[in-house]
Each structure stands twice: as structure tokens, then as C-alpha cells.
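Only one structure is covered here, and it is reproduced in the block below.
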């Protein structure tokens, strides 16, 4: 038993010695770590955050009818450029029976009032003529004649007013029945005209569709949507974590997915004071007016991204942010600068703005310094040489 135990112990010692020797051999066979270096460069660094959204007209005008009816004709289509006052559509009126009856009763009442006023006028005219003859013969005084003349003039004025009232009642009847009447020209309710100049973005109705008038109780049916496409804005949303970093008047760089290799300048001019919860995150609406200098046609509703420029440094000394190290105690930034063959010394630096890849160097190193790549990835070992 003792002999067997001794053999096992010797075998274990030999195995331990063999493993140790192999480990030492492997360590000696490894290539020494050789650090590469990089130089600082002159770069333009832009610190920005991105918002998603779309391009829309600054103002859209909805054209609605002033009378209910059926679309009889449409004179425009989406994409047309029109001027204020141009005819867009014509509406055929479907009269309301109750309103029609009320208008007819008003006509009948006006006729009665006109006839009464006419009879009164004819009577006062006869009296006036008799009084004038008597005055001319010197039978009555001038005072009595003046009274007769005033009464005659009043009767004549009342008769004319009642005639105007009858004409208005007839016109009102025609408008209720047909939507128009003689003498009003382009003001006819059945003719829907543009209220502003611009491009027709949409015509959501077709000939034969029924439309509802716009009034205090109803928004009415939209016949066309107009907008000035030369005045476009970016509408998007930013997360609550970013909204504290932005302010009005910051520059924007707009990229539109449908327009390749093109950026549009804009200015941030609105940040919503209240956020809206979307998918568990609070989002704030922003708006930016696009520059008028660019003549590229952008279709309304195109999706876009806006890079909000938080800070910018042009042509400044910079290095890759991955080269920066931080003191474990003070958290002050520093880099290691090569002072000899694979010999490095620490240099404290002062940093400026960063875009996440490059960081501005305010002081601490120069453009000639070689900076150690301290976190370089080691190459995989080549076992074919062993």
C-alpha cells in the first residue's frame, strides 16, 4: 500500500511539473504587446440630437361651402396652382322645404305691405295735388301746403321701402331654392372660390357628393385643401430626455428620405410646452421653418429627420474619443503620449465638445504628439506556428 501511494504521488508531481513547464513555454512564446499610436487632427465637430417627423405646409386652408347641396362641377385637381378668387367647384342646391315655405310666406307678406303702401301713396298724391291747386289760387296758407307735401313725401318713401323689401324677399327665396339670384355675380353661394393663393393639395370630394355648409354648429364638408408650398415647416417630436438640451432659434439640418443626398437648412422656432405620452415615453412636439433659399420642391407629408445642432466647433484640434482615459480617483481626462520607443507618459488634457466619435482638445497636447491606443483589440493567436 505504501509503495502504491508513493507511485501516485510521484506521478502527480510529474504531471504538475509538466503543466507548469508548458504554461511557462506558452507565456514565453506569446508576442509582446506593441501599442499603436494616433495623431490629433483638425476637424469640424458638431454636437447634435435627432428628431423624426415630416414636412408639412406652414398653413393649410380648408375650403368649405356656405350652403348645403350636391357637387355639380369641380374645376381643379390636386397639384394645381390657383389664385385667390379662382373658381374651385359649383354646388347644386337641394332646398329645405321648411325654409322654402317660410321664404314664400315672406314674399306674400311683402306683396301685401307693398300694396298697402301703394294705396296710401296714391291717396296722399291726390291730396297733395288738390292742396297744390288751392295754394296756387291763394285759398290756403303756405303752412297747410307744406304739411300736405311732407305727408306726400313720407308716403312715397314708405312705398319705395316696401318695394325694396319685396325684392329682397324674392332674392332670398331664389337663394334658398337655387343658391343664387340675379345681380350678385361671383358672390353666389353655389360657386366655391379660393380664399387664398397657393397649391391645391387635396380635393377629397367628387362630382355628385353631398356637402354640408359651414356654420356655427358644423365644420362643414371640406371641398379642397390649399397651401403655400413655398412656406414649409418640419414637424417632429423629441424625447423628454433631449428636450432640456434644445432651445428656440437653434439651427436644424433636415434630411428627407425621398430626396437623396440633399440637406435642407431650417430654424427651430417652436417647442411644445406640454409633452404627450406615446408608447410609454413622453414626447414633445417641435417645429422648424425651412429656409426659403432652397428651391427644391418638397411634397407635403414626406417623412424627414431633423438634426438639431446643439453646439458646433469648426476646424479645431480633435482626437478620437476612444483615446481618452479618465483618472479613477479624480475622473480628470488624460492621454498617454509616446516619448520613446513604446514608452509613454501621461498628459492631462482639457476637452471641448464631442459628437460621440471625435472630441475637441482645448489644451494639453499638440498636433504632432503621438497618442497611445490604449484599448486596442489584441489579434487572435496564430497556433499554426506552434
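Note on the range 1-96: enclosed strands (runs of 3 or more DSSP E) holding 2 or more residues that are out of contact with any helix residue (DSSP H, G or I) (no Cβ under 6 Å at 6 or more places or on another chain), modelled with pLDDT under 90 and under 30 Å from residue 317 (Cα atoms) are 37-39, 41-57. For residue 246, which of the numbered conditions (1) modelled with pLDDT of 90 or more; (2) farther than 30 Å from residue 171 by Cβ; (3) surrounded by 16 or more Cβ atoms within 10 Å (Cβ to Cβ) fails to hold? Every listed condition holds for residue 246 apart from (1). Evaluate the range 360-376: report whether one residue or more is assigned to a strand (DSSP E or B), touching a residue at least 60 places away in the same chain (Cβ under 8 Å) and closer than 30 Å to residue 255 by Cβ. Yes: the range 360-376 contains one or more residues that are assigned to a strand (DSSP E or B), touching a residue at least 60 places away in the same chain (Cβ under 8 Å) and closer than 30 Å to residue 255 by Cβ. For residue 269, the requirement of being surrounded by fewer than 16 Cβ atoms within 10 Å (Cβ to Cβ), over 18 Å from the mean Cα position of the chain (by Cα) and part of a strand (DSSP E or B) is not met.
For the range 343-361, which positions are surrounded by fewer than 13 Cβ atoms within 10 Å (Cβ to Cβ) and touching a strand residue (DSSP E or B) at 6+ places or on another chain (Cβ under 9 Å)? Those that are surrounded by fewer than 13 Cβ atoms within 10 Å (Cβ to Cβ) and touching a strand residue (DSSP E or B) at 6+ places or on another chain (Cβ under 9 Å): 345, 346, 350, 356, 357.
A single member of 253, 285 is under 29 Å from residue 62 (Cα atoms), outside the structural domain of residue 41 (by TED's automatic domain parsing) and part of a strand (DSSP E or B), and it is 285. From the list 241, 277, the one residue that fits, being part of a strand (DSSP E or B) and more than 21 Å from residue 302 (Cα to Cα), is 277. State whether the residues of the range 130-141 include one that is buried (at least 17 other Cβ atoms within 10 Å of the Cβ) and in a helix (DSSP H, G or I). Looking through the range 130-141, at least one residue is buried (at least 17 other Cβ atoms within 10 Å of the Cβ) and in a helix (DSSP H, G or I).
The values are calculated or read from the model by the stated rules, or taken from the named source; none is laboratory data. Quick caveat: nothing in here was measured; it's all calculated off a predicted structure. Every residue, glycine among them, receives a Cβ derived from its backbone with ideal geometry; neighbour counts consider all protein chains shown.
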